[in-house]
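**Q** Okay, handing you the structure first.
The values are calculated or read from the model by the stated rules, or taken from the named source; none is laboratory data. No experiment lies behind these values; they were computed from the predicted model shown. Neighbour counts are summed over all protein chains in view; Cβ atoms, including those assigned to glycine, are modelled from backbone coordinates with ideal geometry. For accessibility, only protein heavy atoms count, side chains too; no ligands or nucleic acids. Shrake-Rupley method; radii C 1.70, N 1.55, O 1.52, S 1.80 Å.
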Amino acid sequence: MFKLAHLSDPHLGPLVGFSLHQLLGKRATGYVNWRRKRRHAHDMDILALIVADIQAQHPDHIACTGDVAHIGLPNEFKTAVAFLDTLGPREAVSFVPGNHDAYARSSLKALASHLGPWVASDDGSIGYPWYRRQGNVALIGLNSGIPTMPLMATGRIGSRQMAATEALLDRARDEGLIRVVLIHHPPYVGGARRSRELVDAAAFEAMLARKGADLVLHGHNHKFSLAWRPGFGRDVPIVGVPSCSIGPLGHGEMATWHLFRIEGDATSPHITLEQRGFELDGTVMRRQEITLHTKPV
């Protein structure tokens with residue numbers, strides 16, 4: 001059995017070590033939003049409880065699907081490095097960026113330089129899509145984070161990355177592996193409202209229909225979701241996880257992470273999802289278990 005932990009949208013804080021010059025443009029509105037709302041909603045003490053619970057379950061691999069930052073400042077990625085290192089050895093932790101990580105064009109260089117170790121493929125190459133084989137599972141990581149205008153949080157995969165992902169899905173199928181795709185934005189039509197959507201979600205759905213996958217994981221919406229889309233041979237579950245740091249002062253679902261238990265092979269995968277999250281009594285506990293793929297009788 002392969003155990004995969006999935007968390008997303010930690011929005012690490014606090015924001016420190018920046019100049020007023022760095023707050024020009026979109027970052028100015030983002031900083032005001034952090035001061036007014038996000039610094040209260042995202043609780044780093046609760047995040048620490050979530051991380052401790054993840055480690056107590058001894059997953060084989062941990063996947064973080066983005067938004068480690070608030071407004072994509074260089075120092076935020078230094079904080080992200082320290083956070084990702086608390087999760088486990090770098091070879092056992094994977095990352096894909098979100099829209100807050102790619103907040104501005106000036107964010108992209110620092111994002112790439114600091115978080116490169118967590119987006120490296122098995123062959124050592126760094127970039128997207130990346131490919132990591134873990135036991136009977138192939139993890140394929142996509143980047144949907146792009147700089148956008150103020151008040152926009154859309155994402156895009158792009159034709160080049162989409163084509164490369166198709167090739168990796170073929171490779172994993174040929175290797176007999178269970179295929180798990182990681183992305184920040186919900187990659188299906190209707191997965192988020194217009195200002196927050198993946199703009200090429202229809203193309204992603206078409207790729208799933210052509211090539212198939214066994215599981216797609218995302219964050220972004222700060223709430224649980226389970227959607228099914230047609231795949232090659234069988235439907236594909238697309239699972240969204242809430243933020244892993246939302247506390248009682250935030251809106252929506254409180255901090256949650258997902259534990260996937262994956263067995264079988266490419267022809268007959270067996271995948272279950274266990275939701276684990278923060279409760280008001282200060283504990284982190286199991287909420288429910290969902291079977292996504294069952295073994296054939």
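**Q** Hey, got the dipole for the chain? About the Cα centre, +1 on K and R Cβ, -1 on D and E Cβ, debye to the nearest 20?
**A** For this selection, approximately 960 debye.
**Q** On full extension of the chain, what length is gained from residue 202 through residue 265, given 0.36 nm per residue of separation minus the C-alpha to C-alpha distance?
**A** Stretched fully, the residue 202-residue 265 segment lengthens by 19.9 nm.
**Q** If you place +1 on the Cβ of every Lys and Arg, -1 on the Cβ of every Asp and Glu, and leave all else neutral, what size is the dipole of region 206-297 about its Cα centre, to the nearest 20 Debye?
**A** Dipole size: approximately 300 debye.
**Q** Please calculate how many Å² of accessible area region 171-212 carries per residue, with a 1.4 Å probe and no DNA, RNA or ligand atoms counted.
**A** Value for region 171-212: 40 Å² per residue.
**Q** Could you rank 232, 18 by how accessible they are, 1.4 Å probe, largest area first?
**A** 232, 18
**Q** A follow-up question, please. I'd like the carbon and sulfur percentage of the solvent accessible area for the chain, probe radius 1.4 Å, heavy atoms only, ligands and nucleic acids excluded.
**A** Its accessible area is 55 percent carbon and sulfur atoms.
**Q** Of 40, 114, 6, which has the most accessible area and how do the rest follow, probe 1.4 Å?
**A** Highest to lowest solvent-accessible surface, that is 40, 114, 6.
**Q** By the gyration tensor of its Cα atoms, with a ≥ b ≥ c the square roots of the eigenvalues, what is the shape of region 141-297: rounded for a/c under 1.5, prolate for a/b over b/c, or oblate?
**A** Judged from the Cα gyration tensor, region 141-297 comes out oblate (a/c at least 1.5, b/c at or above a/b).
**Q** Still on this structure: Could you do me a favour and compute the accessible area per residue for region 213-286, 1.4 Å probe, result in Å²?
**A** For region 213-286, the per-residue accessible area is 37 Å².
**Q** Given 0.36 nm per residue, what is the gain on full extension from residue 126 to residue 225 after removing their alpha carbon distance, in nm?
**A** 32.7 nm
**Q** Something else: From the mean inverse distance of alpha carbon pairs (Kirkwood) and the Cα radius of gyration, derive Rg over Rh for region 21-113.
**A** Rg divided by Rh gives 1.00.
**Q** Could you tell me which of 87, 209, 172 has its Cα farthest along the dipole of the chain towards the positive end, charges placed at Cβ (Lys, Arg +1; Asp, Glu -1), taken about the Cα centre?
**A** About the Cα centre, the residue reaching furthest to the positive side is 209.
**Q** Taking 7 Å along the Cα-to-C-beta vector as the label spot, tell me the residue 280-residue 113 distance in nanometres, rounded to one decimal.
**A** 4.7
**Q** To continue, here is another question. Please compute the modelled spin-label separation between residue 86 and residue 28, points set 7 Å along Cα→Cβ, answer in nm with one decimal.
**A** 3.3
**Q** Under the Karplus relation 6.51 cos²θ - 1.76 cosθ + 1.60, θ = phi - 60°, what is the ordered set of whole-Hz ³J(HN,Hα) values for region 44-54, x standing for Gly and Pro?
**A** 6, 5, 5, 4, 4, 5, 5, 4, 4, 5, 4
**Q** Can I ask one more? Send over a whole-number figure in Å² for the accessible area per residue of region 2-160, probe 1.4 Å.
**A** Roughly 41 Å² per residue, with all protein chains present.
**Q** Looking at the calculated P(r) for region 100-213, what percent of the C-alpha pair distances fall above 19 Å?
**A** Here the tail beyond 19 Å accounts for 48 percent of pairs.
**Q** Report, for the chain, the % of DSSP beta bridges that are antiparallel, rounded to 5.
**A** 65
**Q** Do the sum for the chain: with -39,500 (n - 2.57) for every DSSP H run of n ≥ 4, divided by all residues, what is the mean residue ellipticity at 222 nm, to the nearest 500 deg cm²/dmol?
**A** Per the formula, -7500 deg cm²/dmol.
**Q** At a Förster distance of 35 Å, what's the computed FRET efficiency of residue 60 paired with residue 40, Cβ-Cβ distance as r, to 0.05?
**A** About 0.50, to the nearest 0.05.
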